[in-house]
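Please read the structure below before turning to the comments.
The values are calculated or read from the model by the stated rules, or taken from the named source; none is laboratory data. Just so you know, these numbers come straight off a predicted model, no measurement behind them. Ideal geometry is used to build each Cβ from the backbone, glycine not excepted, and the neighbour counts take in all protein chains shown. SASA here: full protein model, heavy atoms, side chains in, ligands and nucleic acids out. Shrake-Rupley method; radii C 1.70, N 1.55, O 1.52, S 1.80 Å.
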Amino acid sequence: MDFSSSTLCLVLALILILLLYSSIFQRTKTSHARLPPGPNPIPVLGNLLDLDNKPHKSLAKLAEIHGPVMTLKLSSVTTIVISSPAAAKEILRKHDVSLSGRTIPDAIRAHSHHELGMPWIPVSPLWRTLRKICNSHIFTSQSLVAKQDIRCLKVRQLLSLVRESCDNGVAIDIGKAAFSTTLNLLSNAIFSVDLIDPSSGSAKEFKEFVWNMMEEMGKPNLADYFPALKTIDPQGRRRRLTGYFGKIIDVFDELIKTRLLARKTLDHSDETEVMLDTLLGIEESRTDTTSNTLEWAMAELLHNPTILSKAQEEMDQIIGKGRPVEEEDLARLPYLHAIIKETFRLHPPTPLLLPRKAEDQDIDLCGFRVPKGAKVLVNAWAIGRDPKTWDNPELFWPERFLGSDVDVKGQDFELIPFGAKKRICPAVGFANRMLQLMLASLVHSFAWKLEDGIAAEDTDMEDEFGITLRKARRLNAIPVHRINCC
């Protein structure tokens with residue numbers, strides 16, 4: 001055996017000893033705690049082998065066996081998984097402050113994103129300042145009203161793109177079109193420019209680029225479970241994210257420089273000031289989650305043509321045939337709202353929300369103890385399919401929300417696609433407004449059919465896991481004119 005091989009074997013042996021020590025130490029440290037039940041861990045790996053490439057589904061199956069409050073040992077990391085509305089309510093309402101910390105995936109540390117990104121930084125003066133800016137300037141009702149013209153313009157451009165496909169009789173990639181529209185809305189609101197050309201290949205490239213970022217952040221990473229491996233980054237997730245974040249930062253740097261130069265000649269009393277004048281930043285994942293949700297909603301409607309027809313009938317009656325959808329129409333479309341809620345129930349944008357952490361002390365939860373330092377995951381995907389809460393939970397049935405007060409704003413814990421309390425996404429209102437307008441416009445203006453003669457019942461509904469949840473296969477559908485409107 002040569003020297004290099006001997007050295008490699010020695011390094012691997014030392015790593016194994018460190019992992020065994022870490023596992024034994026952690027197990028001894030928590031052995032007397034009243035931890036929730038869970039599957040038996042094996043040495044070193046713990047319960048890592050109980051997970052697969054779709055952890056939201058494998059965790060839901062484990063919860064059926066071990067209960068809605070469950071402990072997993074992911075190597076040395078004690079992880080508590082919540083899978084019921086009642087437990088989620090106790091976690092997110094009663095223990096919101098104690099569990100407002102974050103466990104930081106190693107990949108997120110690329111470009112110090114964990115120190116700058118609002119979803120990840122701890123509740124601190126910086127976090128409170130950013131949250132105040134969001135609540136007081138960016139996502140206020142007044143700001144949403146002020147940006148109505150931009151939203152309408154971008155939706156008209158979306159319909160123009162779909163109409164071109166319609167005239168040519170070719171399929172359109174629903175997710176890509178929605179992503180382009182949402183991204184350009186954000187970039188216009190923040191930077192006063194379109195970031196991509198929806199009709200060019202750049203739209204698809206940029207969407208895949210953002211999805212790659214979400215995927216790297218969301219998929220299991222050995223460095224998160226074996227701290228000794230962090231310096232090695234064995235799967236290269238942090239290394240790849242460093243490249244992705246660097247490219248995004250370069251794009252935004254150029255836009256910021258351009259905007260700062262323009263500000264020198266801008267009349268600050270002019271209403272053309274954009275969000276960049278309040279906050280030079282953007283939360284890129286919000287674009288991805290909005291476009292993913294629209295793609296899921298369209299997929300469910302194509303999979304359930306009777307529901308699509310009901311939605312079109314509602315719009316024909318309320319809005320009228322031949323008339324485009326306006327924002328003021330949205331409040332009068334209860335069935336559309338029910339469709340969106342049902343989409344959030346079955347396909348939450350962030351299936352495991354973002355991980356929380358018991359920061360300072362042990363916490364009593366539903367008669368069990370969550371030890372200090374434990375990672376806490378709320379499985380919004382499993383909660384949305386809980387048969388104790390929902391009748392026929394696997395069925396896409398918007399009627400369940402008609403006449404119901406259940407909403408997505410963090411007060412109803414059976415439906416929490418955006419989280420709740422302190423850590424709820426600050427862009428809930430913005431995302432909902434844009435989603436409603438795009439979906440209503442696509443449904444009202446066009447009839448739809450799947451490409452290649454695929455039958456409705458054969459619509460592919462498989463998902464792909466990342467921090468956000470997207471369709472495993474792109475939704476390509478052929479639009480057919482219903483009304484002649486712009």
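Here are some residues: Ala311, Ala297. Which one is assigned to a helix (DSSP H, G or I), modelled with pLDDT of 95 or more and closer than 24 Å to Asn184 by Cα? Step through it out loud before you land on a result.
Values: Ala311 fails: closer than 24 Å to Asn184 by Cα.
One residue alone meets the criteria, Ala297.
Annotation: of all residues in region 86-111 being within 24 Å of Asp224 (Cα to Cα), of a type outside the set (A, V, I, L, M, F, W, C) and in a helix (DSSP H, G or I), the one that is least open to solvent (accessible area, probe 1.4 Å) is Asp106.
Among the residues of region 141-179, those that are touching a Cys at 6+ places or on another chain (Cβ under 9 Å) and more than 14 Å from Ile478 (Cβ to Cβ) comprise Arg156, Leu159, Ser160. One residue stands out among those in region 373-413 that are within 17 Å of Val69 (Cβ to Cβ) and of a type in the set (S, T, N, Q): the one that is least open to solvent (accessible area, probe 1.4 Å), which is Asn379.
Is at least one residue of region 414-422 surrounded by fewer than 18 Cβ atoms within 10 Å (Cβ to Cβ), more than 19 Å from the chain's Cα centre (by Cα) and either over 27 Å from Ile174 (Cβ atoms) or of a type outside the set (A, V, I, L, M, F, W, C) (or both)? Checking region 414-422: not a single residue is surrounded by fewer than 18 Cβ atoms within 10 Å (Cβ to Cβ), more than 19 Å from the chain's Cα centre (by Cα) and either over 27 Å from Ile174 (Cβ atoms) or of a type outside the set (A, V, I, L, M, F, W, C) (or both). Condition first: surrounded by 22 or more Cβ atoms within 10 Å (Cβ to Cβ) and of a type in the set (D, E, K, R). Now tell me which residues in region 362-372 satisfy that. Within region 362-372, none qualify.
When the residues of region 397-440 are narrowed to those that are of a type in the set (S, T, N, Q) and part of a helix (DSSP H, G or I), which ends up modelled with the lowest pLDDT? Step by step, filter region 397-440, then rank; the result is Asn432. For region 303-361, filtered to residues that are more than 26 Å from Leu469 (Cα to Cα) and among the β-branched types (Val, Ile, Thr), the residue that is surrounded by the most Cβ atoms within 10 Å (Cβ to Cβ) is Val325. Given the condition over 22 Å from the mean Cα position of the chain (by Cα), basic (Lys, Arg) and either open to solvent by 40 Å² or more (accessible area, probe 1.4 Å) or more than 14 Å from Lys388 (Cβ to Cβ) (or both), answer yes or no: does some residue in region 60-70 qualify? Looking through region 60-70, none of the residues is over 22 Å from the mean Cα position of the chain (by Cα), basic (Lys, Arg) and either open to solvent by 40 Å² or more (accessible area, probe 1.4 Å) or more than 14 Å from Lys388 (Cβ to Cβ) (or both).
Would you point out which residue out of Leu12, Leu18, Leu48 is exposed (fewer than 11 other Cβ atoms within 10 Å of the Cβ), over 19 Å from Ala358 (Cβ atoms) and at pLDDT 50 or above?
Leu12 is the lone residue from the list that is exposed (fewer than 11 other Cβ atoms within 10 Å of the Cβ), over 19 Å from Ala358 (Cβ atoms) and at pLDDT 50 or above.
Filtering region 192-203 for residues that are assigned to a helix (DSSP H, G or I) and buried (at least 16 other Cβ atoms within 10 Å of the Cβ) leaves a non-empty set. Would you check if Thr79 is in contact (Cβ under 8 Å) with a residue 60 or more places away in the chain, crowded, with 18+ Cβ neighbours inside 10 Å and either more than 15 Å from Leu377 (Cβ to Cβ) or more than 20 Å from the chain's Cα centre (by Cα) (or both)? It is true that Thr79 is in contact (Cβ under 8 Å) with a residue 60 or more places away in the chain, crowded, with 18+ Cβ neighbours inside 10 Å and either more than 15 Å from Leu377 (Cβ to Cβ) or more than 20 Å from the chain's Cα centre (by Cα) (or both).
How many residues are in a helix (DSSP H, G or I) and in contact (Cβ under 8 Å) with a residue 40 or more places away in the chain when one looks only at region 161-174? Before the answer, list the steps.
Applying the first criterion (in a helix (DSSP H, G or I)) to region 161-174 yields 161-168, 174.
Cutting the leftovers down to in contact (Cβ under 8 Å) with a residue 40 or more places away in the chain gives us 162-163, 165-166, 174.
So the count comes out to 5.
Checking region 117-129 against the condition returns no match, with no residue being part of a helix (DSSP H, G or I) and buried (at least 18 other Cβ atoms within 10 Å of the Cβ). Counting only residues that are part of a strand (DSSP E or B) and either modelled with pLDDT of 90 or more or open to solvent by 60 Å² or more (accessible area, probe 1.4 Å) (or both), region 465-486 holds 7 of them.
Looking at region 449-459, which of its residues are within 19 Å of Ala178 (Cβ to Cβ) and either in contact with a Ser or Thr (Cβ under 9 Å, 6 or more places away or on another chain) or open to solvent by 50 Å² or more (accessible area, probe 1.4 Å) (or both)?
If the condition is that a residue be within 19 Å of Ala178 (Cβ to Cβ) and either in contact with a Ser or Thr (Cβ under 9 Å, 6 or more places away or on another chain) or open to solvent by 50 Å² or more (accessible area, probe 1.4 Å) (or both), then Lys449, Leu450, Glu451 are the ones that fit.
Every condition in (1) farther than 27 Å from Leu308 by Cβ; (2) not in a strand (DSSP E or B) is met by Val376 except one, and the failing one is (2).
Please work out if Gly201 is at pLDDT 75 or above and small (Gly, Ala, Ser). Against the criterion (at pLDDT 75 or above and small (Gly, Ala, Ser)), Gly201 does not qualify. Counting only residues that are open to solvent by 60 Å² or more (accessible area, probe 1.4 Å) and in contact with a Pro (Cβ under 8 Å, 6 or more places away or on another chain), region 204-247 holds 1 of them. On the stretch given as region 423-448, residues that are over 18 Å from the mean Cα position of the chain (by Cα), open to solvent by 10 Å² or more (accessible area, probe 1.4 Å) and aliphatic (A, V, I, L, M) total 1.
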